[in-house]
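Everything on this sheet refers to the single structure shown next.
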Amino acid sequence: MQRRDFLKVTGGLSAHLIVGGSLLSIRQAEAETGLPIAALQASLDPKKDLVLIPENKGSSKFDFDKSYQLRTQITPRVRVVAGSAAAVGSTILWATNNGIDFAIRSGGHSYEGFSQSPDLVIDVRGMTAIKLSNDKKSVSIGSGSSLGSVYKALTPSHLAIPAGSCFPVGVAGHSLGGGFGLLGRPFGLACDSILSMEMVDASGQIRTVSEQANPDLFWALRGGGNGSFGVVTNFIFRTSAVNMVAKFGMEWNKTPAQGVKVMQAWQQWLEDLPSSITCTLHLEKAEKKKPGLIKLRVTGLSVQSASRLKVELKRLQSLAGAADDAPAIVTETFDLAATAFNGGKHAPVYESILMKGKSDYVTEPMTDQGILTLLGGLQKAPVSMALLCDSYGGAINKVASDATAFVHRANTKYSMQYYMQWDKPDASDAHLLAMRTLYDSMRPFVSGGCYVNYCDLDLGNGYAKAYWGDNLPRLMKIKAQVDPKNIFKHAQSVPLS
């Protein structure tokens, strides 16, 4: 249900709550949850805010509980879909006054379910306004907006923000964790284009956060802001002019030993790659009709001409050997290219799946032995698994590693995302074991850094150093100043000490 629809349903119903598709009295809701719902409801605006109580666990007519990661999906005792920063502040105060733990939800794509809570979820999907400034140099974006909705709103003006390729992902979580995407090398990470934010802190106060106002917090939120310092309710992003782009793809199918040459060539190619081109090297088992082979596919886009791109793809083939087919290059609008990377016009609006992801960063070109270990591990794995190597450099690495909380810049070559999904819950253990086995085998060949947006509970107590590196001490200092009681916390939030 869209926000405009549930406002019609809830307008004026201050004495009732939407519960599993029906109206429930406050007395019934308090009995169901064991929580002081009357006090919560009284602090909110019935015309803008929505309180959801599950009548039956796991059921919701509006499907607000649906999350990307099925392994961790939870129906909370109460969900507040806030329509304003003031509502977020009121809900935080209600939660802290009553000792209630909570999670913060935007797109709901946390790989480990950190936007889920059995008690309270503060859901920002009631704030989805997107407004371009008069000079079109910036755009105001509500934190409940999805990346797809942002791209759609900016397309008529031939503008974009540099962000990810998965349309249902929430702009908030994506950007606060860094935000690599299709335009990373020409324009930087999503967090690099943030000009200011509106944030609700642990005392329920609304803060403006920018270079001028709360500069330390502005530094921390750009790369370390996922659920650790407050609830960001609105962003102001700098826009980037993007109209026609050149989308491309090319593929090799090789044995692991032969694939070493292709991946080495790709690494070498990145060293002199123009910043106009952003690409990903996809690695996985080839189709069943090609047993024993690994598919190595390079895809991406260029914000410059197709003719320049052709020269670069020719250079890659001169290093790697001819691709299986001639490189496919299509010149089209950024909107169409982004839609293709999202899965095309018929891609699901929102998926809920059983999945697992892990990540690494490569700061020195991987050795032949490292590549062979990786490709051989993918080929021998008992289950289907993919690995995506996202190119860094360009505008991403021109920002100093300590200029924002996002530390993985400087000599970072690329990130690696290990990814798998499966259909049946009873297959989870086998899939998780296969991924951990491959991941463990790669420890000698990678930097030890990890991407916070691919959160991974397997990292144990080492998660903070892996995510934030040398920026961790400053992050912890700011955390102690802004949230000394650790109100904003989850299993991998910025620690107080």
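We did not get these values from a lab; they are worked out from the coordinates using the rules stated. Remember, predicted model here, so these are calculated numbers, not experimental data. A quick note on method: Cβ atoms are made from the backbone with ideal geometry, for glycine too, and the neighbour counts reach across all protein chains shown.
Quick look at the values:
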{"item": "For peptides 457-467, 245-255, sequence by mean Cβ density within 10 Å, most packed first", "result": "245-255, 457-467"}
{"item": "Least to most buried among Leu195, Leu313, Leu293 (fewest other Cβ within 10 Å first)", "result": "Leu195, Leu293, Leu313"}
{"item": "Charge context of Ala38, other residues only, Cβ under 12 angstrom, K/R +1, D/E -1", "result": "0"}
{"item": "Surrounding net charge for Pro484, when Lys and Arg each add one and Asp and Glu each subtract one, Cβ distance under 13 Å", "result": "+2"}
{"item": "DSSP-defined beta bridges in the chain - what % are antiparallel, rounded to 5", "result": "90"}
{"item": "Degrees separating the helix 256-271 axis from the principal Cα axis of the chain, which is the longest one", "result": "70"}
{"item": "Whether the range 130-241 is rounded, prolate or oblate, judged on the alpha carbon gyration tensor where a/c under 1.5 counts as rounded", "result": "prolate"}
{"item": "Global size of the chain as Cα Rg and Dmax, reported in angstrom", "result": "22.9, 73"}
{"item": "Relative contact order (percent, whole number), the chain, Cα cutoff 8 Å, 6+ residue spacing", "result": "14"}
{"item": "Rounded tilt (10° steps) of 428-441 against the dominant C-alpha axis of the chain", "result": "50"}
{"item": "Global geometry of the range 311-393, whether rounded, prolate or oblate, following the gyration tensor of its Cα atoms and the 1.5 cut on a/c", "result": "oblate"}
{"item": "Taking the range 142-284 and dividing mean pair separation by its residue count, relative contact order in percent (alpha carbons under 8 Å, at least six apart)", "result": "25"}
{"item": "Test item: Cα-centred dipole of the chain, Lys/Arg +1 and Asp/Glu -1 on Cβ, debye", "result": "640"}
{"item": "Inter-part distance where the range 289-359 and the range 242-277 are each reduced to a Cα centre, Å", "result": "9"}
{"item": "Expected 222 nm ellipticity per residue - DSSP helices of 4 or more, -39500 (n - 2.57), all of the chain, to 500", "result": "-8500 deg cm²/dmol"}
{"item": "Prolate/oblate/rounded call for the range 266-350, Cα gyration tensor, a/c under 1.5 rounded", "result": "oblate"}
{"item": "Degrees separating the helix 215-224 axis from the principal Cα axis of the chain, which is the longest one", "result": "60"}
{"item": "For peptides 84-97, 422-435, 30-43, sequence by mean Cβ density within 10 Å, most packed first", "result": "84-97, 30-43, 422-435"}
{"item": "Cut-off 15 Å between beta-carbons: net charge of the residues surrounding Thr412, Lys and Arg +1, Asp and Glu -1", "result": "-3"}
